[in-house]
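Right, one structure below, let's go through it.
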């Protein structure tokens, strides 16, 4: 959804290819771009001043998996009145819920945590129970399937996180 902003009296949307603009016959503040390409909007404000902007729309829905490099269970770090970084979790985009799996290993290769829930939270304990694990670096392996391109099969991402005590 492209949005030209509310400060104009009229709007005109175009597609742009090889420097040539083709009108889209769209005159609202927003335009739903349904394919890749360059889009231009010309807005005219109440006093007749014209302004234009271009946006490039492309499909880039490759899975994204990011997470912190360290966390401290039981910490009392407050941000906006909320305790933060007490559990290890990942931010996942364009990742299918059904084929998600994470395994976390200690330095000897023993699996200390496993989940098939994309919204998991690891508290730093052995299988998320009360047994506190020692501080150190823990390796993880995430197996996942793209929600945008599921035909690409199961992929794998490896990383590490430092458990601070």
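The values are calculated or read from the model by the stated rules, or taken from the named source; none is laboratory data. The structure presented is a predicted model; accordingly, all values stated were derived computationally and were not measured. Glycine gets a Cβ as well: all are built from the backbone with ideal geometry, and neighbour counts include every protein chain shown.
Checking residue 114 against (1) at pLDDT below 95; (2) in contact with a strand residue (DSSP E or B) (Cβ under 6 Å, 6 or more places away or on another chain); (3) within 30 Å of residue 153 (Cβ to Cβ), which test does it fail?
Here residue 114 meets the rest and fails (1).
Kindly provide the set of residues from region 147-161 that are modelled with pLDDT of 95 or more and either surrounded by 12 or more Cβ atoms within 10 Å (Cβ to Cβ) or outside the structural domain of residue 68 (by TED's automatic domain parsing) (or both), ordered by number.
154, 155, 157, 159, 160, 161
Failed condition for residue 97, given (1) crowded, with 16+ Cβ neighbours inside 10 Å; (2) under 30 Å from residue 125 (Cβ atoms), with all others met?
Residue 97 satisfies all of (1) crowded, with 16+ Cβ neighbours inside 10 Å; (2) under 30 Å from residue 125 (Cβ atoms) except (1).
Tell me, which residue of region 44-66 that is part of a strand (DSSP E or B) and touching a residue at least 40 places away in the same chain (Cβ under 8 Å) is surrounded by the most Cβ atoms within 10 Å (Cβ to Cβ)?
Across region 44-66, the extreme among qualifying residues is 65.
When residues of region 105-122 are filtered for being surrounded by 17 or more Cβ atoms within 10 Å (Cβ to Cβ) and in a loop (DSSP other than H, G, I, E, B), how many remain?
3
Evaluate the following for residue 41: is it more than 30 Å from residue 145 (Cα to Cα), in contact with a strand residue (DSSP E or B) (Cβ under 7 Å, 6 or more places away or on another chain) and either free of Cβ contacts under 8 Å to residues at least 12 places away in the same chain or not assigned by TED's automatic domain parsing to the domain that holds residue 142 (or both)?
Judged against the criteria, residue 41 is a match.
Going by what's in this entry, would residue 142 be described as in the same structural domain as residue 70 (by TED's automatic domain parsing), in contact (Cβ under 8 Å) with a residue 60 or more places away in the chain and either in contact with a strand residue (DSSP E or B) (Cβ under 6 Å, 6 or more places away or on another chain) or within 24 Å of residue 164 (Cα to Cα) (or both)?
So residue 142 fits the description; yes.
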